[in-house]
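Peer 1: Take this structure, written in structure tokens, and hold onto it; I'll ask about it next.
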Amino acid sequence: MVKAVQFGKSAVVANPLGLGTNAVGGYNLFPGLDDGAGRKLVDAAIANGINLLDTAYVYGLGHSEQLVGQVVKDHRREELVIATKGAHDFSTGREVIRNDPDFITQQVDQSLKRLGVDYIDIYYLHFPDHDTPKGEAVGALQRLREAGKIRAIGISNFNLDQIKEANADGYVDVVEDEFSLLHQDHLTEGMLDYLRDHQISFVPYFPLASGLLTGKYVQDVSFPADDIRSQIADFKQPRYGKILAAVDQVRPIADRHGATVAQTILAWYLQNPLITAVIPGAKRADQVISNAQAMNIQLTAEEYQTIETAFADFKANKSGKSLKDPD
């Protein structure tokens, strides 16, 4: 069983496999979501040792936060780590990204109400805006931390220069961004080295790359023009074929552990020294229960290296972002 991890220099501690909840109440991101299924999914996560719940205002424009909060009320608050994010302003009828202190302060207060809690464990600036000095935005979060409304400061989707600016006073605890065995740009860009050197935790999202790292796809497949996968580089040849060939090298390792490919990939992230926690999403409770079992897998050093080598070509081979679908 993996050990709990600390986030940055804060006092926030959680198990390293969390739950991304964009498919819990994120009706603007996924069609046909059911609130009851979403609550059941979150409850199943907590029951199976997942105590890091990652949500955001933009997931259903606050609805995900509300559903997560409804489940949290049935559990001991102090045993859970709730992370949420804000930066989206729709008050003008269009999407505007804002990091200015007044707006962020307002967003934190509104998230507290939707979640029905007295404090938020990790609050992220969800995206950087174009105008607000990053130090001013993080300074607002620091004041909220001093007021007891948040416990740790996070930033999400910031590039390395923006991270350095945001962390000028050393207040940043966590960075969240897309990273997977298929999207390893941050290794070559130096971002993860900077985070390690400044005691900033890294939490990757989309770790299973929209299902490509679960082992469910086959080589001979095509997607119609109206399927979004037909527009994503990961699903286009020859890259698609190379991805599945790399996944095939994980299967024998998974078999030795009596595990699925997805569980084995998640175990690799959990043993990666550059990663603090990982937050795979899910649409069903059974997916969450399966993901949680990754915390019981201990890869040997040879197995870990085999997986890293299988995907080595993707370190220097940049590609577009993954899909939003957590399956």
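Peer 1: Under the condition of being closer than 20 Å to GLY26 by Cβ and of a type in the set (S, T, N, Q), which residue from region 283-312 is surrounded by the most Cβ atoms within 10 Å (Cβ to Cβ)?
Peer 2: Ranking the candidates gives ASN291 first.
Peer 1: Which ones in region 16-32 are of a type outside the set (Val, Ile, Thr), assigned to a loop (DSSP other than H, G, I, E, B) and within 18 Å of THR84 (Cβ to Cβ)?
Peer 2: Correct list: GLY18, ASN22, ALA23, GLY25, GLY26, TYR27, ASN28, LEU29.
Peer 1: Report whether or not ILE97 is under 12 Å from LEU115 (Cβ atoms), crowded, with 16+ Cβ neighbours inside 10 Å and free of Cβ contacts under 8 Å to residues at least 60 places away in the same chain.
Peer 2: Spelling it out, it is not the case that ILE97 is under 12 Å from LEU115 (Cβ atoms), crowded, with 16+ Cβ neighbours inside 10 Å and free of Cβ contacts under 8 Å to residues at least 60 places away in the same chain.
Peer 1: Go over the candidates VAL71, VAL13, VAL2 one by one and state the one that is in contact with a helix residue (DSSP H, G or I) (Cβ under 6 Å, 6 or more places away or on another chain) and modelled with pLDDT of 95 or more.
Peer 2: Numbers: VAL13 fails: in contact with a helix residue (DSSP H, G or I) (Cβ under 6 Å, 6 or more places away or on another chain); VAL2 fails: modelled with pLDDT of 95 or more.
Step by step, each of VAL71, VAL13, VAL2 is checked, and only VAL71 is in contact with a helix residue (DSSP H, G or I) (Cβ under 6 Å, 6 or more places away or on another chain) and modelled with pLDDT of 95 or more.
Peer 1: Restricting to region 143-152, name every residue that is without any contact (Cβ under 8 Å) to a residue 60 or more places away in the chain and crowded, with 16+ Cβ neighbours inside 10 Å. Break it down into steps so the answer makes sense when it comes.
Peer 2: Going residue by residue through region 143-152, those that are without any contact (Cβ under 8 Å) to a residue 60 or more places away in the chain are 143-150.
Result: LEU144, ARG145, LYS149, ILE150.
Peer 1: Tell me, yes or no, whether region 186-194 has at least one residue that is surrounded by fewer than 21 Cβ atoms within 10 Å (Cβ to Cβ) and of a type in the set (D, E, K, R). Quick ask: steps written out before the conclusion?
Peer 2: At the first step, the residues of region 186-194 found to be surrounded by fewer than 21 Cβ atoms within 10 Å (Cβ to Cβ) are 187-190, 193-194.
From what's left, of a type in the set (D, E, K, R): 189, 193.
Looking through region 186-194, at least one residue is surrounded by fewer than 21 Cβ atoms within 10 Å (Cβ to Cβ) and of a type in the set (D, E, K, R).
Peer 1: Can you tell me which residue among ILE82, ILE153, ILE120 is under 21 Å from HIS198 (Cβ atoms), modelled with pLDDT of 95 or more and in contact with a strand residue (DSSP E or B) (Cβ under 9 Å, 6 or more places away or on another chain)?
Peer 2: Of the residues listed, the single one that is under 21 Å from HIS198 (Cβ atoms), modelled with pLDDT of 95 or more and in contact with a strand residue (DSSP E or B) (Cβ under 9 Å, 6 or more places away or on another chain) is ILE153.
Peer 1: Considering only region 138-165, how many residues are more than 17 Å from ALA83 (Cβ to Cβ), aliphatic (A, V, I, L, M) and not in a loop (DSSP other than H, G, I, E, B)?
Peer 2: Of the residues in region 138-165, 3 are more than 17 Å from ALA83 (Cβ to Cβ), aliphatic (A, V, I, L, M) and not in a loop (DSSP other than H, G, I, E, B).
The values are calculated or read from the model by the stated rules, or taken from the named source; none is laboratory data. Keep in mind that this is a model prediction, so the values were computed, not measured. Cβ coordinates were reconstructed from backbone atoms using ideal geometry, including for glycine residues, and neighbour counts include every protein chain displayed.
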